[in-house]
Amino acid sequence: MPMVNAGFVYSLMGDYESAEEMFNKALSIEPDHETALTNIALLYGERGDNEMAAQYFRRLLEVSDKNALAAYNLAVLLSQNKLGEAVELSRKAMY
């Protein structure tokens, strides 16, 4: 999807606002687009917005419950203050 690709390029250039806009446009067209969900979650994490990052990683796990990368990244975010849930997700990422 061209908007996801554009968002990725914007994020590499450090233009996070444009990247966010592109990922959101992609998700408005295809709400379950796994790459868009992954990239926007990583973008929010990079910007320090862990709540939004966690929200998108959770959404990604709803779409793809076997997504080890999403489970791992969410576990890392949660380990900062929700250790029990983080351990459960870490186990899910390994199996």
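The values are calculated or read from the model by the stated rules, or taken from the named source; none is laboratory data. What you see is a predicted model, and the numbers here were worked out from it, not measured in a lab. Every residue, glycine among them, receives a Cβ derived from its backbone with ideal geometry; neighbour counts consider all protein chains shown.
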Quiz item: Limited to the range 50-73, what total is found for residues that are surrounded by fewer than 15 Cβ atoms within 10 Å (Cβ to Cβ) and not in a helix (DSSP H, G or I)?
Solution: 2
Quiz prompt | Within the range 1-19, tally of residues that are assigned to a loop (DSSP other than H, G, I, E, B) and closer than 26 Å to residue 66 by Cβ | solution = 1
Quiz item: Would the range 20-32 turn up any residue that is exposed (fewer than 13 other Cβ atoms within 10 Å of the Cβ), among the small types (Gly, Ala, Ser), assigned to a helix (DSSP H, G or I) and modelled with pLDDT of 95 or more?
Solution: yes
